[in-house]
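Quick notes on the structure that follows.
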Amino acid sequence: MYYFFGPYTGGFSIEQKGKYKEWAVVAGASEGLGAEWGRQLAGQGLNVLLIARREQALQDVADSIRIKYPNVQVDALVLD
C-alpha cells in the first residue's frame, strides 16, 4: 500500500513511518518540488515510488536517489 505526502497533506514526519509503513508515492517527481520530495523522503528512510511523464528526467532523479541512499528502494513509473 502507498500513501501520499506533500505540501497539501501536512508533510511527513519520521514518526509516521510506523503508521504508514515503508513506501511513499511522489507524483511530478521528474523535477522541482516533486523531485525534492522524493529525495527528502528517501533521506528519511522511506522507499519511494516516483511518478512523472518525462521518462529520462524521472530516471535521472531515481538514479540519483539510488546512489545517495543505497538502502532505499526506488521505483519509477512513467505515467501521463
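The values are calculated or read from the model by the stated rules, or taken from the named source; none is laboratory data. None of the values given here were measured: they were computed from a predicted structure. We place every Cβ from the backbone using ideal geometry, glycine too, and count neighbours over all the protein chains shown. Each accessible area value is taken on the protein alone, full model and side chains, heavy atoms only, with ligands, DNA and RNA left out. Shrake-Rupley method; radii C 1.70, N 1.55, O 1.52, S 1.80 Å.
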What order do Ile65, Ile51 take when sorted by accessible area (1.4 Å probe), most exposed first? Ile51, Ile65
In the neighbourhood of Asp80 defined by beta carbon distances under 13 Å, the net charge of the other residues (Lys, Arg +1; Asp, Glu -1) is +1
Gain upon complete extension [Gln73, Trp23; 0.36 nm per residue less C-alpha separation]: 17.1 nm
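Of the heavy-atom accessible surface of region 16-79 (probe 1.4 angstrom), what whole percent is carbon and sulfur?
50 percent
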Within a Cβ distance under 11 Å of Ser30, other residues only, what is the Lys/Arg minus Asp/Glu net charge? -1
Give me the extension gain from Ala57 to Glu36: residue separation times 0.36 nm, minus the current Cα-Cα distance, reported in nm with one decimal. 6.2 nm
Just to confirm a number: summing +1 for Lys and Arg and -1 for Asp and Glu over residues other than Gln56 whose beta-carbon lies under 15 angstrom from that of Gln56, what do you get? -3
